[in-house]
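What follows draws every value from the coordinates through simple rules; no lab data is involved. Keep in mind that what you see is a predicted model, and the values were worked out from it rather than measured. We place every Cβ from the backbone using ideal geometry, glycine too, and count neighbours over all the protein chains shown.
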Amino acid sequence: MWLTNSSIGRKVVMSVTGIALILFLTFHLVMNLVAIFSTEAYNLICEFLGANWYALVATMGLAALFITHIVYAFWLTAQNRKARGNERYAVVERRETVKWTSQNMLVLGIIVLLGLGLHLFNFWYNMQFQEIVGNHEVLLGGQNYAVHDGAGFIAYTFSNPIYAILYIVWLIALWFHLTHGFWSAIQSIGWSNDLWINRWKVVSNIFSTVVVAGFILVVVWFYIASL
Ligand code: HEM
């Protein structure tokens with residue numbers, strides 16, 4: 001099949017899943033910014049997104065997107081390395097012409113993935129997963145949190161400066177990954193040309209900066225609130 005057999009087909013899969021993940025991230029940011037304004041409203045959203053059938057279907061769809069994006073990333077990188085052969089080491093000029101982020105998308109992606117693992121452990125595992133296995137509360141740091149108390153889990157997690165720093169490092173890696181990934185995805189899908197490519201690069205930079213700054217604001221806000 002074209003989407004699995006050809007290099008451009010695989011790039012299209014990376015791009016479409018990447019754009020879908022960007023849409024999720026936008027929704028996720030808006031949802032998390034609510035926590036700054038109203039912890040009650042935030043917890044209502046968390047309850048709505050708990051272990052209900054539609055939220056579970058969405059979670060599985062999201063997991064499929066992440067897994068496809070990651071598997072194809074390794075596949076494309078392996079294929080590119082094979083195609084380039086030893087040249088990879090001989091061409092020095094490339095280093096100057098190809099941007100740092102472009103050469104390191106896989107490494108950045110792996111940092112983003114490790115951060116995501118930690119994040120799912122901090123939140124999803126304590127919330128939706130506990131609800132699936134029938135628990136209503138979770139004991140953390142000597143205090144009980146209801147599984148829908150998203151605001152409580154945010155406050156608990158970011159009161160720890162180590163977690164706050166780890167999340168900020170994770171989010172900066174995400175910024176580099178997104179600034180390149182966004183316009184690159186648009187280009188692979190064929191929505192770009194010589195004129196639009198530079199515009200898409202500007203849009204990518206603005207979008208990534210707003211999203212990452214928004215998430216960092218949530219981390220810093222709750223860290224400061226805990227002092
Ligand atoms: C300040 C930063 C963030 C906060 C406070 C936050 C908060 C949360 C919370 C509370 C949940 C659990 C929702 C539930 O199970 O009902 C969650 C789930 C999740 N978060 Fe985040 N998040 C942040 C950043 C991110 C980022 C940057 C990503 C992606 C790169 C991300 C990806 C996810 C995913 C994939 C889930 C699981 C969603 C599901 O169960 O369907 N989060 N997050």
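Which residues does a label at Leu33 reach in region 185-222, if reach means a backbone N under 14 Å from a point 7 Å past the Cα toward the Cβ? From region 185-222, the list is 207-219.
Applying a 10 Å radius around every beta-carbon, put 136-142, 51-57 in order of their mean neighbour count, most first. All intermediate terms of the calculation are to be shown ahead of the outcome.
Working: 136-142: 10.9, 51-57: 12.4.
Highest-to-lowest ranking by the protection proxy: 51-57, 136-142.
Protection proxy ranking for 6-18, 195-207, using the average of other Cβ atoms within 10 Å per residue and placing the highest first: 6-18, 195-207.
Starting from 0.36 nm per residue, how many nanometres of slack lie between Val133 and Trp191 once their C-alpha separation is accounted for?
16.5 nm
As a calculated quantity, the FRET efficiency between Asn5 and Ala63 at R0 = 22 Å, using C-beta atoms, amounts to about 0.30.
Taking amide hydrogens as placed 1.01 Å from N in the peptide plane, the amide H of Leu140 sits under 5 Å from those of Tyr145, each at least 5 positions away in sequence or on another chain.
Between the beta carbons of Trp75 and Ile19, assuming R0 = 22 Å, the FRET efficiency works out to 0.75 to the nearest 0.05.
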